[in-house]
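Read through the structure below, which is laid out as structure tokens, and then see the notes.
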Amino acid sequence: QVQLEESGGGLVQAGGSLRLSCVASGLTFSNYGMGWFRQAPGKEREFVVAISKSGGSTANADSVKDRAAISRDNAKNTVYLEMNRLKPDDTAVYYCADTVVVQPLHRNMVDYWGQGTQVTVSS
């Protein structure tokens, strides 16, 4: 059974930074591209960032551009999301997911989801 477990969310002030982690189990982690999505209240779940199986390629949504960085440690079955210069609009539940391509993709293309971690950015 595949499990993705996120951690690191919380309350952050605007302009601050955060680091989210996602530990995967039940799959051969290095065989999967990974990524992060987010869902704000009343909005659809949207792509944020993705990383290739080896970690050599990444892709960001325009909404986070140079404010977000994804990385992975295949030895630890873990993928990370670092975001800086946070804005109130970044408030959302952040989800870890497998990604079949390293580019913005629709949520329907995801096979596995984590439970999500709440990030709240105060103004």
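All of the numbers you see were taken from the coordinates with simple rules; none came from a lab. Remember, it's a predicted structure, so these values are computed and weren't measured experimentally. Every residue, glycine as well, gets a Cβ built from its backbone with ideal geometry; the counts of neighbours run over all protein chains shown.
Restricting the calculation to Cα atoms, the chain shows an Rg/Rh of 0.94 when the hydrodynamic-style radius is the Kirkwood one.
Computed from phi, the 3J(HN,Hα) profile of segment 62-71 under the Karplus parametrisation 6.51, -1.76, 1.60 (θ = phi - 60°) reads 4, 5, 10, 5, 9, 9, 10, 9, 10, 8 Hz, with x in place of Gly and Pro.
Looking at the chain, how many pairs of lysines come closer than 24 Å at the Cα, when each pair is eight or more places apart or spans two chains?
Lysine pair count for the chain: 5.
Using the Cβ-Cβ distance between Asp89 and Leu27 with R0 set to 30 Å, the FRET efficiency from 1/(1 + (r/R0)^6) comes to roughly 0.40. Modelled spin-label separation between Ser7 and Ser57, with each label point placed 7 Å from Cα along the Cα-to-Cβ direction: 3.2 nm.
Counting 0.36 nm for each residue step from Ala40 to Asp111 and taking away their Cα separation leaves a gain of 23.5 nm. Applying 0.36 nm per residue to the separation of Ser122 and Glu82 and subtracting their alpha-carbon distance, the gain on full extension is 12.6 nm.
Were the residues from Ser17 through Asp66 laid out at 0.36 nm apart, the gain over their Cα-Cα distance would be 16.4 nm. From the largest down, segment 23-79 spans 35, 24, 14 angstrom on the principal axes of its Cα atoms.
Given Cα pairs under 8 Å that are at least 6 residues apart, what percent is the relative contact order of the chain?
36
Put a plus charge on the Cβ of each Lys and Arg, a minus charge on the Cβ of each Asp and Glu, and nothing anywhere else: the dipole of the chain about its Cα centre is then about 140 debye.
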